[in-house]
Amino acid sequence: MQNASVPEARLEDSGSGLAPVTEGWFVVNARDAEWWVTETRGARCAFENEYGDPPIEFDQLGINLTVLESGQTGLYHAEANQEAFLVLAGECTLIVENDERRLRAWDFFHAPPWTEHAFVGAGETPCVILMVGSRFGPGVRYPVSEIAAGYGASVAAETGAPHHAHYAAAKAGIVNLTKSAARDLAPDIRVNCVSPGLTRSTMGNMTVAGTADNLVAKLLTGRIAEPEEIARVIVFLASPAASFVYGATFDVNGGRDLR
């Protein structure tokens, strides 16, 4: 059977670098491609356009460049898919199966399905990692790891973990502060809390970086939240329609905890 011609994709810059806005083959220099940057998770270039309208994503293979400064981390997790990682420059600490390995330029890490892992930037110069993963299964889990928690790479905020008592306590503290303030200020002032899940933003986009498909698969919505969806809940709580609501915490997380 004769193959149909594959068109060249159109690339556009929406402010963070070039990304495909149509399907097809393309060539782009990593310096010119779209990058997402956050203070704690580093910088990431995935070469696709997950948040485009419509999204343009690679169906079979995910690939990205991740740059981690010293102390910046990803989240400790395990995926149903095989992954592979090559350190191109700098150094990092690999947390794997609750163990630690120091990686340097040209070190290669092979991760079979369900290998628990995360990376932490180390050394005096940025660490550049080429990350590749197949996309044949949506499964992902985020186990609590004492070692990962020590680097801020574990899910302590939701499950609690050693060395992260301050972080987990702060989350719980806000919930109880809401209840206490509601008691103190009622009935003249209503106090409530909104607890948003993953939301489309620079930080939200980077949080799902590297395992975006799997994180989204954990949500009943099948997508992360739009800022307007969080804002509408806040507007509701500030409106007369919520006049009988006091001391409540609203989880706006796409059903994340029900998976």
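No lab work stands behind these numbers, since they all come straight from the coordinates. Predicted, not measured: the structure shown is a model, and the values here were computed from it. Neighbour counts are summed over all protein chains in view; Cβ atoms, including those assigned to glycine, are modelled from backbone coordinates with ideal geometry.
What do the square roots of 5 times the Cα gyration tensor eigenvalues come to for the range 1-120, in whole Å, largest first, as semi-axes of the equivalent ellipsoid?
They are 29, 18, 13 Å, listed largest first.
Dipole of the range 1-113 (Lys/Arg Cβ +1, Asp/Glu Cβ -1, origin at the Cα centre): which of 46, 88, 35 lies farthest to the positive side?
88
Taking 7 Å along the Cα-to-C-beta vector as the label spot, tell me the residue 22-residue 86 distance in nanometres, rounded to one decimal.
3.2
For an R0 of 25 angstrom, estimate the FRET efficiency from the Cβ-Cβ distance between residue 183 and residue 238 and round to the nearest 0.05.
Efficiency at R0 = 25 Å is approximately 0.85.
Order of 45, 127, 193 from fewest to most other C-beta atoms within 10 Å?
With the fewest neighbours first, 45, 127, 193 line up as 193, 45, 127.
With labels modelled as points extended 7 Å from the Cα through the Cβ direction, what inter-label distance (nm, one decimal) is found for residue 8 paired with residue 101?
About 4.1 nm separates the two model spin labels.
Could you pull out every residue, at least 5 positions away or on a different chain, whose amide H is within less than 5 Å of the one on residue 88? Hs are placed 1.01 Å off N in the peptide plane, and Pro or chain starts have none.
Under 5 Å from the amide H of residue 88: 106, 128, 129, 130.
Simple spin-label model, 7 Å along Cα-to-Cβ: residue 174 to residue 61 in nm?
Each label point is offset 7 Å from its Cα along the Cβ direction, giving 4.0 nm.
If you take every residue apart from residue 235 with its C-beta less than 12 Å away from the C-beta of residue 235, what net charge results, scoring Lys and Arg +1 and Asp and Glu -1?
Charge balance near residue 235 sits at -1.
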